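Below is one structure, written out as structure tokens, with a few remarks after it.
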Amino acid sequence: MRRHALSAALLTLLTLLALVATACGSRLPESDFTGRPSGPARTADTSPLKVGIILSETSPVGGQAFSGPRDGARAYFERLNAEGGIDGREVEVHTCDDGGSGVGNNECVHKLVEEQRVVALVATTVLDYQGAPRVSGAGVPDIGGQPIGPAYDTYPHLYSIYGSLAPREGGRPGWDGKQYGGTEVYRYFKREHGARTAAVVSYNQAASAGYAQLVARGLRAEGYKVVTEQVDLALPNFRAVAADLKQQGADLVFDALDTHGNVRLCKAMDQVGLEVTAKVTNAQNWTSTVAEDYKDAPHCRNALWVTGSSRNFQDRDSEAAKEFREAMQGADRLSQWQLEGWAAAMWFADAAESCAPAGITRECVDAYLQRGEPYDARGLLIPVVFEQLPEPPSTRRTCLSVARWQDGEGWVTAEDMNTNCFEVPQIPYEQ
């Protein structure tokens, strides 16, 4: 169950028609048109096209945790500008670090939406999106954000990178305060790898513990025996957790931890000799630095699996993924969140291109995002959909991107994400 895609939705987008060109020639001779006044030519707008990126870069979680989507989006816009921009206009990127606080987030919204007058926000990645009502109220499309909190299932004009089916009328999130997510991840490991006993490890912190409870509910719904473990956020004893998991016979390990916690858990698993079918993590930990990060846990490292809703950034058969990697050459590391930021920027660019004939405005970009067609960012995303359903679905067909770490190879795509699909129950949760 993807944390961020837990209430997937359907992107209903209304597209602006371009000016209609005449396809048929006139039956009158050209001489009949000479000397006739032509209307004033439209002056081309060459001013920069402003977009904003809000992130919690200096949050308590740490600098690298939320910077990936920004870096991917910037790389896309730099490449786009080198090719001439959008309708001859350079994309001017304005970023704002909200420090991980609601107050800081409101300040960033004021700066970008009200002072800079950005046409859209792109790849928003924040801990506390308190400014979301102001963004929505201003009619500013927020495109391809990471739904860390419930805002993307609450407000109109906000479009997460994973979609939403919720009404999004600005009241309570989801349906009467409840969001929904599927069990496709657990179904996959049960069907493909015969897993039966799964552990869920979390911190004794509200967001981590809440997510762990959701994972445990999904696992039970798929018939797993579930072992839950919790460690102290300040003084975690991962060795004791690993020893207990070994005694309980866990063959799958899920977590609600950051990368640092995952590394320490893996090291402890190797220390106690716990070998599992899969140590499953999420897109936030899907990075190119696994060999370095997990250098002290070789067995656990080679049991790492990731799941998500976007194409493996190391996919060797995808031209779109290759283009992303080429644009990111020189980066200290590559990550899946960078690729999703790249896809978010592409999404904005496609919307803006569709608006160019009549003028690129907030209203037109937002209309593109509501046109009722799935979006896949040239195959980088499992088609993203937005739909405002009056009632939550009880089941849903959901597809899944899966990759496994292999030393010497990196992240190897395990399944075709567009055919690795399951009809699974939708489970309610609250944030």
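The values are calculated or read from the model by the stated rules, or taken from the named source; none is laboratory data. These numbers come from a predicted model, not from an experiment. So basically every Cβ, Gly included, is an ideal-geometry build from the backbone, and we count neighbours across all protein chains shown. Quick note on the areas: whole protein, heavy atoms, side chains included, nothing else; ligands and nucleic acids left out. Shrake-Rupley method; radii C 1.70, N 1.55, O 1.52, S 1.80 Å.
The table that follows gives values for the structure above.
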quantity: Fraction of accessible area attributable to carbon and sulfur, the range 113-161 (%, probe 1.4 Å); calculated: 46 percent
quantity: Computed label-point distance, nm, for sites GLU353 and ARG117 using a 7 Å Cα→Cβ extension; calculated: 2.7 nm
quantity: Span-like helix ranges in the chain, DSSP H, alpha carbon extent 27 angstrom or more, Kyte mean at least -1.0; calculated: 336-355
quantity: Accessible area in square angstrom per residue, the range 137-244, 1.4 angstrom probe; calculated: 37 Å²
quantity: Unit charges at the beta carbon, dipole of the chain: most positive-side option, CYS399, SER101, VAL135; calculated: CYS399
quantity: Candidates ASP142, ASP293, ASP128, ranked by Gaussian network fluctuation over the chain, Cα under 10 Å, top entry; calculated: ASP293
quantity: Among PRO298, PRO147, PRO383, residue whose mean-square fluctuation peaks in a GNM of the chain (springs only between Cα atoms under 10 Å); calculated: PRO298
quantity: The chain - mean residue ellipticity at 222 nm from DSSP helices (-39,500 (n - 2.57) per run, n ≥ 4, rounded to 500); calculated: -8500 deg cm²/dmol
quantity: The range 61-108: Rg to Rh, with Rh as the Kirkwood radius over Cα pairs; calculated: 1.10
quantity: Net length gained if the chain between GLN271 and GLU430 were fully extended (0.36 nm per residue, minus Cα distance); calculated: 53.6 nm
quantity: Linear extension gain, GLU92 paired with GLU192, 0.36 nm per residue minus alpha-carbon span; calculated: 31.4 nm
quantity: Computed over the range 169-261, Cα set: Rg, Dmax in Å; calculated: 14.7, 48
quantity: Relative contact order of the range 340-391, pairs being alpha-carbon contacts under 8 Å that are 6 or more residues apart, as %; calculated: 29 percent
quantity: Candidate values (1) 23.4, 70; (2) 23.3, 93; (3) 35.9, 159, label of the one derived for Rg and Dmax of the Cα atoms in Å; calculated: (2)
quantity: Separation of the ALA291 and ARG316 label points, Cα + 7 Å toward Cβ, nm; calculated: 1.4 nm
quantity: Charge tally in the Cβ shell below 11 Å around VAL201, where Lys, Arg are +1 and Asp, Glu are -1, VAL201 excluded; calculated: -1
quantity: Whole-number percent relative contact order across the range 223-335, with pairs defined as alpha carbons under 8 Å at least 6 apart; calculated: 22 percent
quantity: Sequence-separation-based contact order of the chain, relative, with Cα cut under 8 Å and 6+ spacing, percent; calculated: 23 percent
quantity: GNM flexibility winner over the chain from SER394, SER56, SER288 (Cα, springs under 10 Å); calculated: SER394
quantity: Which listed pairs, of LYS178/LYS267; LYS225/LYS295; LYS190/LYS246; LYS225/LYS279; LYS246/LYS295; LYS50/LYS178, have C-alpha distances above 28 Å, in listed order; calculated: LYS178/LYS267; LYS225/LYS295; LYS50/LYS178
quantity: Separation of alpha-carbon centers, the range 311-326 and the range 149-164, rounded to whole Å; calculated: 26 Å
quantity: Cβ-based charge dipole, the chain, positive-most Cα from CYS355, GLN179, THR277; calculated: THR277
quantity: Span from the the range 377-403 Cα centroid across to the the range 178-228 one, whole angstrom; calculated: 19 Å
quantity: Extension gain (nm, one decimal) between GLU391 and THR46, 0.36 nm per residue minus Cα-Cα; calculated: 119.7 nm
quantity: Distant-in-sequence amide H partners of GLN230 (H built 1.01 Å from N, under 5 Å); calculated: SER202
